[in-house]
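Input: a single structure, listed below in C-alpha coordinates.
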Amino acid sequence: MNTTLFDRVSAVQADLLVTFVPSEGAFPESTAWVDGNADGQLSQLRESGVFKGGLAQTLLLPSITQDFAQPVLLVGIGKDAELSDMQARKVIAAVAAQIKSLPYASVALASRALVLKKRTQSEVTALIAQWLNEGFYNFLGFKQDDAEKATKVTDLLIEGDDEAALAIGTATANGSAFARQLGNLPGNVCTPNYLASKAQHFGEEYGIDVELLDETKMDELGMHCLLSVGRGSDQPSYLIVMHYRGGEEGEAPHVLLGKGITFDTGGISLKPGPKMDEMKYDMCGAASVFGTMKAICELKPKLNFTAVVAAAENMPSARATKPGDIVKTMSGKTVEVLNTDAEGRLVLCDALTYIERFKPKSVVDVATLTGACVVALGSVNSGMYANDDAVAESLKAASQISADKIWQMPLNEEYQQQLDSNFADIGNIGGPEAGSVTAACFLSRFTASYPWAHLDIAGVAWSGGAAKGATGRPVALLTRYLLDKAS
Ligand code: BES
Ligand code: MN
Ligand code: ZN
(Lines give C-alpha, C1' and ligand atoms only; values in the text may rest on other atoms or scores of the structure.)
(Ligands and ions follow the chains in the order given, each with its own letter.)
Protein backbone atom coordinates (compact mmCIF):
# COMPACT_ATOMS: atom_id res chain seq x y z
CA MET A 1 0.00 0.00 0.00
CA ASN A 2 1.15 3.53 -0.68
CA THR A 3 1.89 5.15 2.64
CA THR A 4 2.99 8.58 1.42
CA LEU A 5 -0.12 10.35 2.56
CA PHE A 6 -0.44 8.52 5.83
CA ASP A 7 3.17 9.04 6.75
CA ARG A 8 2.69 12.71 6.16
CA VAL A 9 -0.59 12.77 8.01
CA SER A 10 0.93 11.28 11.12
CA ALA A 11 4.03 13.41 10.69
CA VAL A 12 2.14 16.68 10.48
CA GLN A 13 -0.80 15.58 12.58
CA ALA A 14 -3.41 16.81 10.10
CA ASP A 15 -6.45 17.97 12.04
CA LEU A 16 -8.81 16.15 9.71
CA LEU A 17 -8.54 13.20 7.38
CA VAL A 18 -10.90 13.05 4.39
CA THR A 19 -11.65 9.46 3.36
CA PHE A 20 -13.68 8.36 0.36
CA VAL A 21 -16.29 5.62 0.61
CA PRO A 22 -17.86 3.90 -2.41
CA SER A 23 -21.45 2.73 -2.06
CA GLU A 24 -20.60 -0.77 -3.36
CA GLY A 25 -17.66 -3.13 -3.48
CA ALA A 26 -14.28 -3.15 -1.79
CA PHE A 27 -12.96 -0.05 -0.10
CA PRO A 28 -10.06 1.79 -1.75
CA GLU A 29 -6.70 1.23 -0.04
CA SER A 30 -6.79 4.35 2.10
CA THR A 31 -10.36 3.75 3.24
CA ALA A 32 -9.56 0.12 4.06
CA TRP A 33 -6.59 1.33 6.10
CA VAL A 34 -8.79 3.67 8.16
CA ASP A 35 -11.41 0.93 8.50
CA GLY A 36 -8.76 -1.50 9.72
CA ASN A 37 -7.55 0.96 12.31
CA ALA A 38 -11.10 1.65 13.40
CA ASP A 39 -12.24 -1.89 14.19
CA GLY A 40 -14.25 -2.09 10.97
CA GLN A 41 -16.52 0.79 11.87
CA LEU A 42 -16.59 2.13 8.31
CA SER A 43 -17.78 -1.22 6.96
CA GLN A 44 -20.42 -1.36 9.67
CA LEU A 45 -21.64 2.14 8.88
CA ARG A 46 -22.04 1.19 5.23
CA GLU A 47 -23.64 -2.21 5.89
CA SER A 48 -26.10 -0.81 8.40
CA GLY A 49 -27.11 1.89 5.95
CA VAL A 50 -26.14 4.69 8.34
CA PHE A 51 -23.61 5.93 5.78
CA LYS A 52 -24.27 4.41 2.38
CA GLY A 53 -21.52 6.17 0.44
CA GLY A 54 -23.88 7.86 -2.01
CA LEU A 55 -22.28 10.42 -4.31
CA ALA A 56 -21.25 13.54 -2.33
CA GLN A 57 -22.83 12.26 0.89
CA THR A 58 -20.73 13.23 3.94
CA LEU A 59 -20.43 12.17 7.57
CA LEU A 60 -18.04 13.61 10.13
CA LEU A 61 -16.65 11.18 12.69
CA PRO A 62 -15.06 13.36 15.40
CA SER A 63 -13.10 10.41 16.78
CA ILE A 64 -13.47 6.77 15.81
CA THR A 65 -11.71 4.84 18.58
CA GLN A 66 -9.31 5.64 21.34
CA ASP A 67 -6.47 4.53 19.11
CA PHE A 68 -7.76 6.46 16.15
CA ALA A 69 -8.66 9.78 17.66
CA GLN A 70 -8.09 11.85 14.52
CA PRO A 71 -11.35 13.22 13.13
CA VAL A 72 -12.35 11.64 9.83
CA LEU A 73 -14.69 13.07 7.22
CA LEU A 74 -16.31 10.25 5.26
CA VAL A 75 -17.28 11.26 1.74
CA GLY A 76 -19.42 9.07 -0.48
CA ILE A 77 -18.32 8.52 -4.08
CA GLY A 78 -21.24 6.37 -5.24
CA LYS A 79 -21.11 3.11 -7.15
CA ASP A 80 -19.10 3.95 -10.26
CA ALA A 81 -15.47 2.83 -10.24
CA GLU A 82 -14.52 5.86 -12.35
CA LEU A 83 -16.18 9.22 -11.89
CA SER A 84 -17.08 11.76 -14.54
CA ASP A 85 -15.73 15.29 -14.10
CA MET A 86 -19.19 16.39 -13.04
CA GLN A 87 -19.49 13.69 -10.39
CA ALA A 88 -16.01 14.39 -9.03
CA ARG A 89 -16.74 18.07 -8.90
CA LYS A 90 -19.86 17.41 -6.82
CA VAL A 91 -17.83 15.25 -4.44
CA ILE A 92 -15.13 17.89 -4.02
CA ALA A 93 -17.69 20.68 -3.62
CA ALA A 94 -19.29 18.67 -0.79
CA VAL A 95 -15.88 18.19 0.85
CA ALA A 96 -15.12 21.91 0.59
CA ALA A 97 -18.52 22.89 1.98
CA GLN A 98 -18.00 20.62 5.00
CA ILE A 99 -14.43 21.71 5.67
CA LYS A 100 -15.44 25.34 5.37
CA SER A 101 -17.77 25.05 8.34
CA LEU A 102 -15.25 23.14 10.49
CA PRO A 103 -12.53 24.64 12.68
CA TYR A 104 -9.63 22.55 11.30
CA ALA A 105 -6.53 24.24 9.89
CA SER A 106 -4.78 21.25 8.31
CA VAL A 107 -6.67 18.77 6.19
CA ALA A 108 -5.39 15.64 4.46
CA LEU A 109 -7.24 14.06 1.54
CA ALA A 110 -6.86 10.38 0.66
CA SER A 111 -7.51 11.43 -2.90
CA ARG A 112 -6.01 8.40 -4.66
CA ALA A 113 -9.41 6.84 -4.04
CA LEU A 114 -10.82 9.19 -6.66
CA VAL A 115 -10.37 7.86 -10.16
CA LEU A 116 -11.68 10.03 -12.97
CA LYS A 117 -12.63 8.80 -16.40
CA LYS A 118 -9.93 9.46 -19.01
CA ARG A 119 -7.75 11.45 -16.63
CA THR A 120 -4.23 10.90 -15.38
CA GLN A 121 -3.40 11.01 -11.69
CA SER A 122 -1.67 14.38 -12.08
CA GLU A 123 -4.67 15.89 -13.88
CA VAL A 124 -6.87 14.64 -11.05
CA THR A 125 -4.53 16.14 -8.44
CA ALA A 126 -4.58 19.53 -10.16
CA LEU A 127 -8.37 19.48 -10.47
CA ILE A 128 -8.90 18.46 -6.85
CA ALA A 129 -6.57 21.22 -5.63
CA GLN A 130 -8.37 23.71 -7.84
CA TRP A 131 -11.92 22.66 -6.99
CA LEU A 132 -11.24 22.42 -3.25
CA ASN A 133 -9.70 25.87 -3.10
CA GLU A 134 -12.51 27.24 -5.26
CA GLY A 135 -14.94 25.76 -2.76
CA PHE A 136 -13.39 27.85 0.00
CA TYR A 137 -14.14 31.12 -1.78
CA ASN A 138 -16.32 33.60 0.09
CA PHE A 139 -17.41 37.02 -1.04
CA LEU A 140 -16.26 39.10 1.91
CA GLY A 141 -16.29 42.79 2.72
CA PHE A 142 -19.92 43.82 2.62
CA LYS A 143 -21.72 41.93 5.40
CA GLN A 144 -21.38 42.52 9.12
CA ASP A 145 -20.85 38.84 10.02
CA ASP A 146 -18.08 38.33 7.44
CA ALA A 147 -15.32 37.42 9.85
CA GLU A 148 -16.94 34.10 10.81
CA LYS A 149 -17.16 32.88 7.24
CA ALA A 150 -13.53 32.81 6.16
CA THR A 151 -12.12 29.29 5.87
CA LYS A 152 -9.84 28.14 8.69
CA VAL A 153 -7.85 25.84 6.40
CA THR A 154 -4.22 26.83 6.04
CA ASP A 155 -2.70 23.52 5.04
CA LEU A 156 -4.05 21.07 2.48
CA LEU A 157 -2.39 17.71 1.94
CA ILE A 158 -3.43 15.97 -1.22
CA GLU A 159 -2.24 12.42 -1.68
CA GLY A 160 0.36 11.84 -4.36
CA ASP A 161 2.87 14.60 -3.61
CA ASP A 162 2.64 15.89 -7.19
CA GLU A 163 3.96 19.37 -6.45
CA ALA A 164 3.65 20.67 -10.01
CA ALA A 165 0.01 19.60 -10.31
CA LEU A 166 -0.77 21.02 -6.88
CA ALA A 167 0.82 24.33 -7.82
CA ILE A 168 -1.21 24.55 -11.03
CA GLY A 169 -4.46 23.70 -9.26
CA THR A 170 -3.81 26.15 -6.45
CA ALA A 171 -2.72 29.02 -8.71
CA THR A 172 -5.73 28.42 -10.96
CA ALA A 173 -8.03 28.60 -7.94
CA ASN A 174 -6.32 31.79 -6.76
CA GLY A 175 -6.80 33.33 -10.19
CA SER A 176 -10.39 32.17 -10.29
CA ALA A 177 -11.06 33.62 -6.82
CA PHE A 178 -9.60 36.94 -7.95
CA ALA A 179 -11.88 36.93 -10.99
CA ARG A 180 -14.92 36.05 -8.88
CA GLN A 181 -14.17 38.81 -6.41
CA LEU A 182 -13.91 41.43 -9.17
CA GLY A 183 -17.09 40.07 -10.76
CA ASN A 184 -19.10 40.06 -7.53
CA LEU A 185 -18.10 43.59 -6.56
CA PRO A 186 -20.94 46.03 -7.16
CA GLY A 187 -20.81 48.52 -10.01
CA ASN A 188 -20.38 51.43 -7.60
CA VAL A 189 -17.10 49.93 -6.38
CA CYS A 190 -15.76 48.12 -9.44
CA THR A 191 -15.52 50.98 -11.94
CA PRO A 192 -13.12 51.24 -14.90
CA ASN A 193 -10.85 53.26 -12.63
CA TYR A 194 -10.96 50.48 -10.01
CA LEU A 195 -9.89 47.93 -12.63
CA ALA A 196 -7.03 50.25 -13.63
CA SER A 197 -5.93 50.44 -9.98
CA LYS A 198 -5.96 46.64 -9.76
CA ALA A 199 -3.64 46.50 -12.76
CA GLN A 200 -1.31 48.92 -11.00
CA HIS A 201 -1.35 46.66 -7.92
CA PHE A 202 -0.38 43.72 -10.15
CA GLY A 203 2.49 45.83 -11.46
CA GLU A 204 3.77 46.41 -7.94
CA GLU A 205 3.08 42.92 -6.62
CA TYR A 206 4.43 40.90 -9.54
CA GLY A 207 6.85 43.30 -11.18
CA ILE A 208 5.02 43.28 -14.51
CA ASP A 209 4.79 46.33 -16.81
CA VAL A 210 1.44 48.09 -16.77
CA GLU A 211 0.23 50.73 -19.21
CA LEU A 212 -2.98 52.66 -18.63
CA LEU A 213 -4.43 54.48 -21.63
CA ASP A 214 -6.81 57.21 -20.44
CA GLU A 215 -9.49 58.89 -22.55
CA THR A 216 -7.12 61.59 -23.81
CA LYS A 217 -4.62 59.01 -25.01
CA MET A 218 -7.36 56.87 -26.60
CA ASP A 219 -8.76 59.93 -28.35
CA GLU A 220 -5.31 60.63 -29.81
CA LEU A 221 -5.13 57.05 -31.05
CA GLY A 222 -8.55 57.35 -32.70
CA MET A 223 -10.34 54.86 -30.46
CA HIS A 224 -13.64 56.70 -30.90
CA CYS A 225 -15.72 53.55 -30.99
CA LEU A 226 -14.50 52.45 -27.55
CA LEU A 227 -14.91 55.99 -26.24
CA SER A 228 -18.48 56.22 -27.59
CA VAL A 229 -19.57 53.58 -25.04
CA GLY A 230 -18.42 55.46 -21.94
CA ARG A 231 -19.66 58.81 -23.20
CA GLY A 232 -22.86 58.68 -21.14
CA SER A 233 -21.01 57.85 -17.94
CA ASP A 234 -19.30 60.04 -15.37
CA GLN A 235 -16.72 57.27 -14.94
CA PRO A 236 -13.81 57.62 -17.37
CA SER A 237 -12.96 54.69 -19.63
CA TYR A 238 -9.56 52.99 -19.72
CA LEU A 239 -7.61 50.65 -21.89
CA ILE A 240 -5.52 48.60 -19.48
CA VAL A 241 -2.43 46.73 -20.68
CA MET A 242 -0.30 44.37 -18.58
CA HIS A 243 2.83 42.62 -19.85
CA TYR A 244 4.05 39.40 -18.27
CA ARG A 245 7.51 38.69 -19.66
CA GLY A 246 8.63 35.19 -18.77
CA GLY A 247 9.82 34.27 -22.26
CA GLU A 248 12.67 35.35 -24.50
CA GLU A 249 13.24 39.05 -24.88
CA GLY A 250 11.50 40.32 -27.99
CA GLU A 251 9.49 37.14 -28.44
CA ALA A 252 5.94 37.89 -29.60
CA PRO A 253 3.33 37.57 -26.86
CA HIS A 254 0.09 35.66 -26.61
CA VAL A 255 -2.61 38.22 -25.87
CA LEU A 256 -5.80 37.92 -23.86
CA LEU A 257 -8.38 40.70 -24.16
CA GLY A 258 -11.29 41.09 -21.74
CA LYS A 259 -14.56 42.98 -22.04
CA GLY A 260 -14.67 45.23 -19.00
CA ILE A 261 -18.09 46.90 -18.98
CA THR A 262 -18.29 47.56 -15.25
CA PHE A 263 -22.04 48.13 -15.56
CA ASP A 264 -24.20 47.69 -18.63
CA THR A 265 -27.50 49.55 -18.41
CA GLY A 266 -27.86 49.19 -22.17
CA GLY A 267 -27.33 52.95 -22.54
CA ILE A 268 -30.09 54.84 -24.41
CA SER A 269 -31.28 51.41 -25.64
CA LEU A 270 -32.02 50.85 -21.95
CA LYS A 271 -32.35 47.32 -20.62
CA PRO A 272 -35.53 46.25 -18.80
CA GLY A 273 -35.47 46.42 -14.98
CA PRO A 274 -35.66 42.76 -13.93
CA LYS A 275 -32.22 41.28 -13.27
CA MET A 276 -30.48 44.43 -14.46
CA ASP A 277 -28.32 44.21 -11.32
CA GLU A 278 -26.63 41.21 -12.97
CA MET A 279 -25.08 43.57 -15.50
CA LYS A 280 -22.45 44.35 -12.86
CA TYR A 281 -21.07 41.03 -14.19
CA ASP A 282 -20.50 42.53 -17.63
CA MET A 283 -16.81 42.86 -16.77
CA CYS A 284 -16.33 39.14 -16.16
CA GLY A 285 -14.28 38.78 -19.35
CA ALA A 286 -11.90 41.40 -17.96
CA ALA A 287 -12.01 39.68 -14.56
CA SER A 288 -11.00 36.36 -16.13
CA VAL A 289 -8.07 38.06 -17.86
CA PHE A 290 -6.96 39.53 -14.52
CA GLY A 291 -7.42 36.15 -12.84
CA THR A 292 -5.37 34.42 -15.52
CA MET A 293 -2.64 37.04 -15.15
CA LYS A 294 -2.57 36.32 -11.42
CA ALA A 295 -2.30 32.55 -11.98
CA ILE A 296 0.46 33.04 -14.56
CA CYS A 297 2.41 35.44 -12.31
CA GLU A 298 2.26 32.83 -9.54
CA LEU A 299 3.34 29.94 -11.79
CA LYS A 300 5.97 31.89 -13.76
CA PRO A 301 5.94 29.87 -17.01
CA LYS A 302 8.40 30.71 -19.77
CA LEU A 303 6.33 32.74 -22.20
CA ASN A 304 5.40 36.30 -23.01
CA PHE A 305 1.79 37.12 -22.29
CA THR A 306 -0.01 40.44 -22.59
CA ALA A 307 -3.36 41.05 -20.90
CA VAL A 308 -5.58 43.82 -22.23
CA VAL A 309 -8.81 45.09 -20.68
CA ALA A 310 -11.24 47.48 -22.36
CA ALA A 311 -12.99 49.14 -19.43
CA ALA A 312 -16.03 51.42 -19.62
CA GLU A 313 -19.44 51.96 -18.01
CA ASN A 314 -22.47 51.93 -20.34
CA MET A 315 -24.92 54.58 -19.11
CA PRO A 316 -27.72 56.67 -20.59
CA SER A 317 -27.37 60.44 -20.25
CA ALA A 318 -27.66 63.63 -22.27
CA ARG A 319 -24.16 63.00 -23.55
CA ALA A 320 -24.65 59.31 -24.30
CA THR A 321 -24.30 57.80 -27.75
CA LYS A 322 -27.74 57.47 -29.41
CA PRO A 323 -29.13 54.77 -31.71
CA GLY A 324 -28.19 55.73 -35.25
CA ASP A 325 -25.06 57.61 -34.25
CA ILE A 326 -22.06 56.87 -36.46
CA VAL A 327 -18.64 56.49 -34.85
CA LYS A 328 -15.20 55.92 -36.33
CA THR A 329 -13.08 53.03 -35.12
CA MET A 330 -9.33 53.10 -34.67
CA SER A 331 -9.10 50.88 -37.78
CA GLY A 332 -10.76 53.60 -39.87
CA LYS A 333 -14.00 51.63 -40.40
CA THR A 334 -17.16 53.49 -39.40
CA VAL A 335 -19.88 51.89 -37.29
CA GLU A 336 -23.59 52.72 -37.16
CA VAL A 337 -24.60 52.21 -33.52
CA LEU A 338 -28.07 50.82 -34.13
CA ASN A 339 -28.39 49.60 -30.55
CA THR A 340 -26.35 51.09 -27.72
CA ASP A 341 -26.82 47.83 -25.78
CA ALA A 342 -24.53 46.04 -28.24
CA GLU A 343 -21.63 47.89 -26.61
CA GLY A 344 -19.21 45.05 -25.90
CA ARG A 345 -18.17 44.71 -29.53
CA LEU A 346 -17.70 48.50 -29.68
CA VAL A 347 -15.10 48.55 -26.92
CA LEU A 348 -13.46 45.33 -28.11
CA CYS A 349 -13.01 46.32 -31.76
CA ASP A 350 -10.71 49.25 -30.94
CA ALA A 351 -8.79 47.16 -28.43
CA LEU A 352 -8.36 44.46 -31.11
CA THR A 353 -6.90 47.06 -33.47
CA TYR A 354 -4.61 48.42 -30.74
CA ILE A 355 -3.30 44.89 -30.11
CA GLU A 356 -1.93 44.67 -33.68
CA ARG A 357 1.13 46.61 -32.46
CA PHE A 358 2.23 43.64 -30.35
CA LYS A 359 2.42 41.39 -33.46
CA PRO A 360 0.79 38.72 -31.27
CA LYS A 361 1.27 34.97 -31.69
CA SER A 362 -2.39 34.61 -30.81
CA VAL A 363 -5.22 36.74 -29.45
CA VAL A 364 -8.13 35.39 -27.43
CA ASP A 365 -10.85 37.82 -26.41
CA VAL A 366 -13.20 36.97 -23.57
CA ALA A 367 -16.56 38.67 -23.27
CA THR A 368 -20.03 38.43 -21.74
CA LEU A 369 -21.09 39.43 -25.22
CA THR A 370 -24.59 38.22 -26.03
CA GLY A 371 -27.79 36.98 -24.43
CA ALA A 372 -28.13 34.90 -27.61
CA CYS A 373 -25.14 32.78 -26.54
CA VAL A 374 -26.94 31.99 -23.28
CA VAL A 375 -29.91 30.80 -25.32
CA ALA A 376 -27.68 28.68 -27.56
CA LEU A 377 -25.37 27.03 -25.01
CA GLY A 378 -26.79 27.75 -21.55
CA SER A 379 -24.35 27.76 -18.66
CA VAL A 380 -22.38 24.64 -19.66
CA ASN A 381 -20.16 25.73 -22.56
CA SER A 382 -18.54 29.03 -23.48
CA GLY A 383 -19.13 29.80 -27.16
CA MET A 384 -15.83 29.71 -29.03
CA TYR A 385 -15.17 31.27 -32.43
CA ALA A 386 -11.87 31.34 -34.28
CA ASN A 387 -10.32 32.57 -37.52
CA ASP A 388 -7.51 30.03 -37.13
CA ASP A 389 -7.70 26.25 -36.70
CA ALA A 390 -4.56 26.00 -34.59
CA VAL A 391 -5.88 28.46 -32.00
CA ALA A 392 -9.22 26.66 -31.95
CA GLU A 393 -7.53 23.29 -31.43
CA SER A 394 -5.26 24.62 -28.65
CA LEU A 395 -8.27 26.01 -26.85
CA LYS A 396 -10.16 22.73 -27.21
CA ALA A 397 -7.19 20.82 -25.79
CA ALA A 398 -6.89 23.25 -22.87
CA SER A 399 -10.62 22.97 -22.29
CA GLN A 400 -10.41 19.20 -22.07
CA ILE A 401 -7.56 19.24 -19.55
CA SER A 402 -9.00 22.04 -17.42
CA ALA A 403 -12.59 20.73 -17.47
CA ASP A 404 -13.64 24.26 -18.44
CA LYS A 405 -15.99 23.59 -21.33
CA ILE A 406 -16.13 25.38 -24.68
CA TRP A 407 -18.03 24.66 -27.87
CA GLN A 408 -16.93 25.91 -31.27
CA MET A 409 -19.48 28.00 -33.12
CA PRO A 410 -19.52 28.94 -36.82
CA LEU A 411 -18.05 32.04 -38.45
CA ASN A 412 -19.17 31.47 -42.06
CA GLU A 413 -18.95 34.51 -44.30
CA GLU A 414 -22.67 34.16 -45.09
CA TYR A 415 -23.44 35.61 -41.66
CA GLN A 416 -21.33 38.70 -42.29
CA GLN A 417 -23.92 40.39 -44.49
CA GLN A 418 -26.29 40.66 -41.54
CA LEU A 419 -24.03 43.48 -40.36
CA ASP A 420 -24.48 45.59 -43.52
CA SER A 421 -25.49 49.20 -42.88
CA ASN A 422 -26.96 51.75 -45.29
CA PHE A 423 -25.09 54.56 -43.60
CA ALA A 424 -21.75 53.28 -42.30
CA ASP A 425 -19.20 50.56 -43.08
CA ILE A 426 -20.79 48.24 -40.57
CA GLY A 427 -23.80 48.11 -38.24
CA ASN A 428 -23.29 47.09 -34.63
CA ILE A 429 -26.17 44.58 -34.64
CA GLY A 430 -27.07 41.88 -37.13
CA GLY A 431 -30.77 41.26 -36.71
CA PRO A 432 -32.30 38.86 -34.24
CA GLU A 433 -31.06 35.67 -35.92
CA ALA A 434 -27.79 34.08 -34.79
CA GLY A 435 -27.05 36.88 -32.35
CA SER A 436 -23.94 35.34 -30.84
CA VAL A 437 -22.55 34.55 -34.31
CA THR A 438 -23.09 38.03 -35.72
CA ALA A 439 -21.44 39.56 -32.64
CA ALA A 440 -18.41 37.35 -33.34
CA CYS A 441 -18.60 38.35 -37.03
CA PHE A 442 -18.39 41.99 -35.97
CA LEU A 443 -15.21 41.28 -33.99
CA SER A 444 -13.74 39.22 -36.84
CA ARG A 445 -13.67 42.34 -39.00
CA PHE A 446 -10.90 43.66 -36.74
CA THR A 447 -8.76 40.55 -36.39
CA ALA A 448 -7.54 39.81 -39.91
CA SER A 449 -3.87 40.34 -39.04
CA TYR A 450 -3.40 37.63 -36.38
CA PRO A 451 -4.63 34.19 -35.25
CA TRP A 452 -7.66 34.97 -33.11
CA ALA A 453 -10.37 33.32 -31.08
CA HIS A 454 -13.34 34.79 -29.27
CA LEU A 455 -15.01 33.33 -26.19
CA ASP A 456 -18.59 34.39 -25.51
CA ILE A 457 -18.89 33.70 -21.79
CA ALA A 458 -22.31 35.33 -21.24
CA GLY A 459 -23.79 32.03 -20.03
CA VAL A 460 -20.92 30.72 -17.91
CA ALA A 461 -19.39 33.73 -16.12
CA TRP A 462 -21.90 33.89 -13.30
CA SER A 463 -24.77 31.94 -11.79
CA GLY A 464 -28.13 33.55 -11.14
CA GLY A 465 -30.86 32.77 -8.64
CA ALA A 466 -30.20 31.75 -5.04
CA ALA A 467 -26.58 30.85 -5.80
CA LYS A 468 -25.99 34.18 -7.51
CA GLY A 469 -22.28 34.75 -7.94
CA ALA A 470 -19.37 34.88 -10.35
CA THR A 471 -17.94 31.47 -11.36
CA GLY A 472 -14.38 32.51 -12.21
CA ARG A 473 -14.71 30.90 -15.62
CA PRO A 474 -12.82 30.69 -17.91
CA VAL A 475 -9.67 31.29 -15.80
CA ALA A 476 -8.91 27.56 -15.71
CA LEU A 477 -9.19 27.26 -19.50
CA LEU A 478 -7.04 30.34 -20.19
CA THR A 479 -4.38 29.43 -17.64
CA ARG A 480 -4.08 25.96 -19.16
CA TYR A 481 -4.02 27.47 -22.67
CA LEU A 482 -1.07 29.71 -21.75
CA LEU A 483 0.79 27.01 -19.81
CA ASP A 484 0.61 24.85 -22.94
CA LYS A 485 2.31 27.69 -24.88
CA ALA A 486 5.26 27.92 -22.49
CA SER A 487 8.62 26.55 -23.57
N1 BES B 1 -23.80 42.31 -21.75
C2 BES B 1 -24.82 42.04 -22.68
C3 BES B 1 -24.97 40.55 -22.98
C4 BES B 1 -25.63 39.73 -21.91
C5 BES B 1 -26.99 39.80 -21.71
C6 BES B 1 -24.90 38.85 -21.18
C7 BES B 1 -27.58 38.99 -20.75
C8 BES B 1 -25.47 38.05 -20.23
C9 BES B 1 -26.83 38.13 -20.01
C10 BES B 1 -24.51 42.73 -24.00
O11 BES B 1 -23.88 43.95 -23.88
C12 BES B 1 -25.83 42.97 -24.65
O13 BES B 1 -26.59 43.71 -24.12
N14 BES B 1 -26.04 42.34 -25.80
C15 BES B 1 -27.27 42.47 -26.49
C16 BES B 1 -26.95 42.56 -27.95
C17 BES B 1 -28.13 42.92 -28.79
C18 BES B 1 -28.58 44.34 -28.50
C19 BES B 1 -27.76 42.75 -30.24
C20 BES B 1 -28.11 41.23 -26.17
O21 BES B 1 -27.56 40.15 -26.07
O22 BES B 1 -29.31 41.39 -26.01
MN1 MN C 1 -25.24 45.54 -23.61
ZN1 ZN D 1 -22.74 44.23 -22.25
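Among DSSP beta bridges whose residues both lie in the chain, state the antiparallel percentage, nearest 5. Don't skip to the end; give the middle numbers.
On the way: 27 of 66 bridges.
Within the chain, antiparallel bridges account for around 40 percent of the total.
Among G324, V309, T191, whose Cα projects farthest towards the positive end of the dipole of the stretch 182-338, with charges put on the beta-carbon of Lys, Arg (+1) and Asp, Glu (-1)? Farthest towards the positive pole: G324. At an R0 of 25 angstrom, the distance between the Cβ atoms of V375 and S421 translates into a FRET efficiency of 0.50. As a fraction of the 1.4 Å probe accessible area of the stretch 322-423, surface on carbon and sulfur atoms comes out at 50 percent. For the listed peptides 147-155, 387-395, 135-143, a ranking on the average number of other beta carbons within 10 Å per residue, highest first, reads 387-395, 135-143, 147-155. When peptides 378-385, 336-343, 286-293 are ranked by their average number of other Cβ atoms within 10 Å per residue, the highest-first order is 286-293, 336-343, 378-385.
Summarising the label geometry, the points placed 7 Å from Cα in the beta-carbon direction at M86 and K396 lie 2.1 nm from one another.
Report the chymotrypsin sites (Phe, Trp or Tyr not before Pro) located in the stretch 389-439 that are in a DSSP loop and have at most 11 other Cβ atoms inside 10 Å of their Cβ, or state none. It would help to have the intermediate numbers written out before the result.
Numbers: sites: W407, Y415, F423; in loops: F423.
Sites meeting the loop and neighbour criteria: F423.
Taking the helices alone, the chain has a mean residue ellipticity at 222 nm of -11000 deg cm²/dmol, built from -39,500 (n - 2.57) per DSSP H run of at least 4 residues and averaged over all its residues.
Multiply the residue gap between K300 and F139 by 0.36 nm, knock off their C-alpha separation, and tell me the result in nm, one decimal place. Let's see the in-between values first.
On the way: separation 161, 0.36 × 161 = 57.96 nm, distance 2.71 nm.
In short, 55.2 nm is gained.
Here each label is just a point 7 Å from Cα along the line to Cβ, and for N339 and D277 those points are 2.5 nm apart.
Taking a point 7 Å from the Cα of L102 along the Cα-to-Cβ direction, the residues of the stretch 133-176 with backbone N closer than 15 Å to it are 133, 136, 151-159.
Over all distinct Cα-Cα pairs of the stretch 88-237, the Kirkwood formula returns a hydrodynamic radius of 18.4 Å. Relative contact order of the chain, taken over Cα pairs closer than 8 Å and 6 or more residues apart, is 14 percent. Volume per residue of the convex hull around the Cα atoms, evaluated for the stretch 2-161, comes out as 116 Å³. Once both labels are positioned 7 Å from their Cα atoms along Cα-to-Cβ, the gap between K468 and V50 label points is 4.2 nm. Kindly provide log₁₀ I(q)/I(0) values, in the same order as q = 0.21, 0.22 Å⁻¹, from the Debye equation applied to equal alpha-carbon scatterers of the stretch 356-487. Reported log10 I(q)/I(0), two decimals: -1.25, -1.33.
Percent of alpha carbon pairs in the stretch 157-308 separated by more than 20 Å?
54 percent
Based on protein heavy atoms only, the stretch 179-486 ends up with 37 Å² per residue of surface accessible to a 1.4 Å probe.
Each part reduced to its alpha carbon centroid, the stretch 145-171 and the stretch 355-407 end up 28 Å apart.
Counting only DSSP beta bridges with both residues in the stretch 368-472, the antiparallel share comes to about 65 percent. Binning the C-alpha pair distances of the chain at 10 Å intervals from 0 yields a P(r) profile of 4, 20, 28, 22, 14, 8, 3, 1, 0 %, listed from the shortest bin outward. Between N412 and L270, the FRET efficiency estimated from the beta carbon spacing at R0 = 25 angstrom works out to 0.15. Counting only DSSP beta bridges with both residues in the stretch 2-161, what percent are antiparallel, rounded to the nearest 5? Around 20 percent antiparallel, to the nearest 5. Note on R319/R357: beta-carbon distance plugged into 1/(1 + (r/R0)^6) with R0 of 35 Å gives a FRET efficiency of 0.70. Each Lys and Arg Cβ is given +1 and each Asp and Glu Cβ -1; about its Cα centre, the chain then shows a dipole of about 520 debye. For the stretch 432-487, the list of trypsin sites (Lys or Arg not before Pro) that fall in a loop by DSSP and count at most 15 other C-beta atoms within 10 angstrom reads K468.
Apolar share of the accessible surface for the stretch 103-187: 56 percent from carbon plus sulfur atoms, 1.4 Å probe. Under the combined filter of DSSP loop state and at most 15 neighbouring Cβ atoms within 10 Å, the stretch 208-317 retains these GluC sites (Glu not before Pro): E248, E249, E251.
The values are calculated or read from the model by the stated rules, or taken from the named source; none is laboratory data. Remember, it's a predicted structure, so these values are computed and weren't measured experimentally. Don't worry about glycine lacking a Cβ; one is built from the backbone with ideal geometry, like all the others, and counts go over all protein chains shown. These area figures cover heavy atoms from the full protein model, side chains too; ligands, DNA and RNA do not enter into them. Shrake-Rupley method; radii C 1.70, N 1.55, O 1.52, S 1.80 Å.
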